[in-house]
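In what follows, a single structure is set out as structure tokens and then discussed.
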Amino acid sequence: MSPVHPVPPVLDGHGRPLDQIQLVGLTAFGHHGVFEQERRDGQDFCVDLVLHLNTRPAAANDDLTRTVHYGELAIAVAEVIRGSAVDLIETLAERVAVVALSDLRVAAVDVSVHKPSAPIPERFADVIVRIRRHRAEFATLAAAARAAAAEPNPLDVTPSSPQRAVLALGANLGDRLQTLREAVADLDAVKGVSVLATSPVVETDPVGGPEQPDYLNAAMLVETTLSPHALLSVCQRIEAGHGRQRTVRWGPRTLDVDVVVYGDLVACSDRLELPHPRAAERAFVLVPWLAVDEDGVLPGSAPRAVRDVLEQIGSEGVRARPELRLDGVQ
Ligand code: A4P
Ligand code: MG
């Protein structure tokens with residue numbers, strides 16, 4: 001087994017060291033290397049992982065769904081080792097980092113790839129490549145890994161059959177209810193999008209950003225034949241059509257239309273992350289989502305039922321407004 005090294009901490013947004021989960025000595029057979037016999041005969045590769053994340057929420061509730069399931073992660077990493085062959089263990093390490101970072105709770109990861117049977121004509125104990133990759137690099141790394149494997153970005157793929165997506169609507173400037181109603185009609189009028197259900201409207205305390213008026217929030221369940229990127233473009237066009245200005249992050253807005261989930265896709269580009277990275281923390285998204293899909297699931301390496309996530313975070317700051325109806329009936 002590989003020795004466990006003390007790993008320098010990664011700091012959270014408040015300058016505190018994040019917790020670590022170490023998975024050490026994960027070994028699988030692969031065919032990586034530049035030599036023909038390596039590609040043909042294969043050899044063992046061994047991976048050590050250090051995940052940097054906050055484990056407090058899991059510990060406080062003794063709840064596996066609030067942390068990384070290291071058993072599932074181990075299977076996913078072993079699949080990378082057994083998967084398509086690459087020349088360099090540097091490349092293999094980066095592929096493993098992408099898998100670890102695909103769980104949004106992981107802020108950074110250290111990956112060591114060992115190749116103890118490397119074809120070196122001298123006596124040696126091990127060859128190790130050790131890398132650290134951060135969440136901020138995830139989109140770039142994932143894109144590079146796909147390009148190398150000549151795979152299209154799933155966010156650009158037009159589905160062969162209609163997909164279900166959940167959209168979150170928010171407004172806190174102007175005639176909020178009227179804007180939300182028009183947004184639903186606008187979306188339903190788009191070719192390739194049909195609205196299956198709209199949630200009741202809730203009034204919500206603003207979360208983050210400057211001091212600003214309360215929001216009206218709602219969710220829509222749609223069926224679409226558009227790719228995720230095309231669906232996002234439609235949402236942004238509709239926001240712009242309702243005078244949406246982007247001046248302050250999390251600032252007040254006439255209309256916000258976010259893609260919360262698209263099927264069970266987990267993917268990321270420089271303009272779209274799925275599932276929406278903050279959906280799991282936000283009751284103003286989850287309460288309406290549950291109302292349009294009581295079996296809703298947040299996809300990921302450890303999928304979580306929306307109902308359970310909402311139970312965990314609570315729905316403080318979200319008030320029912322049954323008299324406000326998106327279908328126009330007062
Ligand atoms: N982007 C990445 N992933 C997505 C996605 N899944 N859906 C990109 C939509 N957009 C996504 O978004 C910023 C960038 O995120 C976009 O360029 C897009 O390419 P934005 O809509 O321009 O700005 P934003 O909405 O201020 O930013 P952000 O980070 O999406 O904000 P959130 O997290 O959506 O929060 N409080 C209450 N009570 N109700 C609200 O509705 N909304 C926000 C916005 C803050 N506080 C709120 C509410
Ligand atoms: Mg938004």
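The values are calculated or read from the model by the stated rules, or taken from the named source; none is laboratory data. Please read all numbers here as calculations on a predicted model, not as lab measurements. Cβ placement follows ideal geometry from the backbone for every residue including glycine, while neighbour counts extend to all protein chains displayed.
What the table shows:
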item	result
Residue match in segment 128-139 (condition: over 30 Å from H5 (Cβ atoms), of a type in the set (K, R) and surrounded by fewer than 20 Cβ atoms within 10 Å (Cβ to Cβ))	no
Tabulated pairs, segment 163-175, first farther than 20 Å from D295 by Cα, second more than 14 Å from ligand 2 (Cβ to nearest atom) and among the hydroxyl-bearing types (S, T, Y), C-beta under 7 angstrom, 6+ apart or interchain	A171/T179
Residues located in segment 261-285, provided they are more than 10 Å from the chain's Cα centre (by Cα) and either outside any helix (DSSP H, G or I) or more than 16 Å from ligand 2 (Cβ to nearest atom) (or both)	Y262, G263, D264, S269, D270, R271, R282, A283
Top-ranked residue of segment 83-109 - restricted to ones that are in a loop (DSSP other than H, G, I, E, B) and acidic (D, E), ranked as farthest from the chain's Cα centre (by Cα)	D87
Number of positions in segment 274-289 that are over 24 Å from R319 (Cβ atoms) and surrounded by fewer than 18 Cβ atoms within 10 Å (Cβ to Cβ)	1
Candidates V80, V68, V7 - the one that is part of a helix (DSSP H, G or I) and either surrounded by 14 or more Cβ atoms within 10 Å (Cβ to Cβ) or modelled with pLDDT of 95 or more (or both)	V80
